[in-house]
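Just so you know, all these numbers are worked out from the coordinates, no wet-lab data involved. Predicted model, so just to flag it, every value in this text is computed and none were measured. Using ideal geometry, Cβ is built from the backbone for each residue, glycine included, and neighbour counts are taken over all protein chains shown.
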Amino acid sequence: MPLTFDDLLLRARALVPEGRRALLGITGSPGAGKTTLAEHLVRELNGPGEPWAAHVPMDGFHLADVELDRLGRRDRKGAPDTFDAAGYAALLRRLREEGDRDEIVYAPGFERVLEQPIAGAVPVPPTARLVVTEGNYLLLETGAWARVRRQLDEVWFCETDEDERIRRLVDRHERFGKGREEAVAWVLGTDQRNADLVASTRERADLVVRALIPVGRGPSS
């Protein structure tokens, strides 16, 4: 039988053992619906009172544009070497190791309008027993990215119809400032190269999830 969203909720809850925090990763190509799935999971897992689950996106570890310009990588922003992968892995390790401490851990966020990372934007309270993190390269085995997988209890691969994925990406780029032609060129060029790389990691996932949550024209990733 195909997975339901309730099945995913049960599986996510079961990741958390007594007395410690667990980390769930959600990966997939750009536009596959990772963010929507992560947000919906966290919202449903959190009842009234203190949060039991927290959402920490990988996007906060984008290198700033000024650094991408210095490195000559601005024209392929979103590729693996345009992120601080070591910093991301270090944060995941801290979230795991400090899960039993009575303090907030702050993670960086990403401002879509500015297209820039924002430090200290995502609070993870000590009550959060499950951290759901999502991003493109959670299963990549090169460089510092290999450290990311070791911090995650499970990684789910999110996928959707390819035409729909591309439509979402074009819409997103247009919504945040690109003209139609520029958006299509970016999606079929830079974004597609990244998507092909992410797709090559699919077999390493613990679970493959087809889009179960209706994703509209919001910022799915």
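General observations
- Region 137-188-region 35-50 distance, computed between alpha-carbon centres (Å): 21
- Cα-based helix-to-principal-axis angle, 34-45 vs the chain, degrees rounded to 10: 20
- Equivalent-ellipsoid semi-axes of region 5-209, from the Cα gyration tensor, Å, largest first: 28, 19, 16
- ³J(HN,Hα) computed for each position of region 147-162 - Karplus, 6.51 cos²θ - 1.76 cosθ + 1.60, integer Hz, glycine/proline x: 6, 5, 4, 5, 8, 9, 6, 9, 10, 9, 9, 9, 9, 8, 4, 5
- Within-13-Å neighbourhood charge of Glu44 [Cβ basis; K, R +1; D, E -1]: 0
- Computed lengthening from Arg202 to Ala185, 0.36 nm per intervening residue step minus Cα-Cα distance: 3.6 nm
- Close amide H pairs (under 5 Å, H built 1.01 Å from N) link Ala121 with Ala107, Gly109, residues at least 5 positions away or on another chain.
- Only helical runs count toward this figure. For the chain, summing -39,500 (n - 2.57) over DSSP H runs of n ≥ 4 and dividing by all residues gives -10000 deg cm²/dmol at 222 nm.
- Given charges at beta-carbon only (K, R positive; D, E negative), |dipole| of the chain in Debye: 160
- Along the axis of the charge dipole computed for the chain (Cβ charges of +1 for Lys and Arg, -1 for Asp and Glu, origin at the Cα centre), the listed residues Phe83, Gly177, Pro2 are led at the positive end by Phe83.
- Overall shape: oblate for region 94-140, with the ratio a/c of the largest to smallest alpha carbon gyration tensor axis at 1.5 or above and b/c at least equal to a/b.
- Of the GluC sites (Glu not before Pro) found in region 37-106, those in coil by DSSP whose Cβ has at most 15 other Cβ atoms within 10 Å are Glu98, Glu103.
- Antiparallel bridges, percent of DSSP beta bridges restricted to the chain (to nearest 5): 30
- Here region 76-135 and region 1-32 have alpha carbon centers that stand 18 Å from each other.
- Ascending count of other beta-carbon atoms within 10 Å, so fewest first, for Tyr88, Tyr106, Tyr137: Tyr106, Tyr137, Tyr88
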